[in-house]
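What follows is a short report on a single structure.
The values are calculated or read from the model by the stated rules, or taken from the named source; none is laboratory data. In this text, all values refer to a predicted model and were calculated from it rather than measured experimentally. Glycine also receives a Cβ, built like all others from the backbone with ideal geometry; neighbour counts cover every protein chain displayed.
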Amino acid sequence: MNKQALRADLLLLLTSCVWGFGFVAQRSGMRFVGPFTFNAVRFLLGSASLIPLILFRKHTGAAAPAPKKAALLSSCIAGTCLFVGVSLQQIGLLFTTAGNCGFITGLYMVLTLVFGIFLGKKTGLPTWIGGLFTFSGMFFLSAAGRLDAINPGDLITAVSAVFWAFHVLIIDRLVQQVDPLALASGQFAFCGAYSLAAALFREQVAAASLIDALIPILYGGLGSVGVGYTLQVIAQKHAPPAHAAIILCLEGVFAALGGVLILSEPLGRGTLLGFGLMFCGMVGTQWDVIAGRRPKGAA
């Protein structure tokens with residue numbers, strides 16, 4: 001592995017760490033504010049944090065200009081899907097652990113490949129085997145093998161993963177027309193605006209509560225949204241897709257680690273089994289890429 005590829009992999013590892021511990025911040029912040037309030041502030045903050053980088057790229061000519069109407073429409077479409085996904089995820093965190101949420105959110109990797117079939121993309125046996133492992137892991141993670149003990153927060157998070165998968169497919173199309181960072185900032189702004197409207201309608205927004213939740217909000221906005229996305233964009237310029245997918249799978253591992261170390265969340269045998277099965281499933285869906293056999297246009 002050359003130095004450039006190694007640097008990219010290390011940046012992706014840092015990205016998965018930042019995103020993983022972001023679940024801890026999301027859960028911690030809701031001790032003081034509601035889910036919509038938390039998302040409103042962190043996504044508006046995350047959107048603003050990308051503006052200096054966007055302006056710098058425009059100044060250096062690194063960003064290709066796009067029609068304002070196309071950029072606005074693309075940001076609105078992506079931001080709407082993002083709002084639904086992140087809202088369900090944040091609500092799910094009210095009832096489940098940061099570790100569970102981190103791993104179950106990873107379902108979007110499997111679902112993205114499955115949904116790709118309906119867009120004419122091919123998928124192979126590893127995807128289905130990986131999906132079986134992933135859903136089996138979710139069952140042990142959420143219910144410890146018992147149908148009557150499924151955590152409702154885990155189910156809500158699983159539904160959010162459907163919208164994360166839709167979001168990936170939408171971004172895959174839109175990023176061909178709009179600068180990635182401009183699209184990111186725009187979609188975060190729309191998501192933040194939707195969340196703010198929902199917060200004003202459904203929750204009590206108080207300055208004192210926002211101050212109490214300041215550290216989790218700053219981490220969620222500047223860390224998970226601003227720094228995390230920027231690192232991913234920089235790293236994936238030089239990282240093979242298989243490396244990127246597998247390393248970003250570690251997001252769930254860091255979420256579980258953060259939940260145990262910071263929030264004192266339980267980590268029993270059933271939970272570890274669920275984590276292990278889900279991780280194997282996520283990696284398994286990328287097996288054709290790892291082996292260099294995935295055909296062009298495959299999901």
Inset, instruction - For region 251-294, please list each of the helices (runs of 4 or more DSSP H) lying entirely inside it that holds at least 3 residues being modelled with pLDDT of 70 or more and more than 16 Å from Gly20 (Cβ to Cβ). - result: 269-284
Legend entry - Within region 136-160, tally of residues that are at pLDDT 75 or above and part of a loop (DSSP other than H, G, I, E, B): 1
Inset, instruction - Quick one: Leu196 ticks every box in (1) more than 19 Å from the chain's Cα centre (by Cα); (2) modelled with pLDDT under 75 except a single one, so which number is it? - result: (2)
Inset, instruction - From the list Ser87, Ser49, pick out the single residue that is in contact with a Leu (Cβ under 8 Å, 6 or more places away or on another chain), surrounded by fewer than 23 Cβ atoms within 10 Å (Cβ to Cβ), of a type in the set (Gly, Ala, Ser) and modelled with pLDDT of 80 or more. - result: Ser49
Legend entry - Residues that are surrounded by 18 or more Cβ atoms within 10 Å (Cβ to Cβ) and either among the hydrophobic types (A, V, I, L, M, F, W, C) or in contact with a Gly (Cβ under 6 Å, 6 or more places away or on another chain) (or both), drawn from region 171-182: Ile171, Leu174, Val178, Leu181, Ala182
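For every residue, the table says whether it meets (1) crowded, with 24+ Cβ neighbours inside 10 Å; (2) modelled with pLDDT of 75 or more; (3) farther than 24 Å from Gly258 by Cβ.
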position	(1), (2), (3)
Thr112	no, yes, yes
Thr123	no, no, yes
Gly131	no, no, yes
Thr134	yes, no, no
Inset, instruction - Working carefully through the options Leu11, Leu82, Leu94, Leu107, find the one that is surrounded by 24 or more Cβ atoms within 10 Å (Cβ to Cβ), out of contact with any strand residue (DSSP E or B) (no Cβ under 9 Å at 6 or more places or on another chain) and closer than 27 Å to Ile215 by Cα. - result: Leu82
Inset, instruction - Give just the number: which of (1) within 17 Å of the chain's Cα centre (by Cα); (2) within 15 Å of Phe32 (Cβ to Cβ); (3) small (Gly, Ala, Ser); (4) modelled with pLDDT of 90 or more does Gly220 not satisfy? - result: (4)
Legend entry - Filtered residues of region 170-227 (kept if among the acidic types (Asp, Glu) and assigned to a helix (DSSP H, G or I)): Asp172, Asp212
Legend entry - Residue that is modelled with the lowest pLDDT, among those in region 53-84 that are touching a helix residue (DSSP H, G or I) at 6+ places or on another chain (Cβ under 7 Å), part of a helix (DSSP H, G or I) and of a type in the set (Gly, Ala, Ser): Ala71
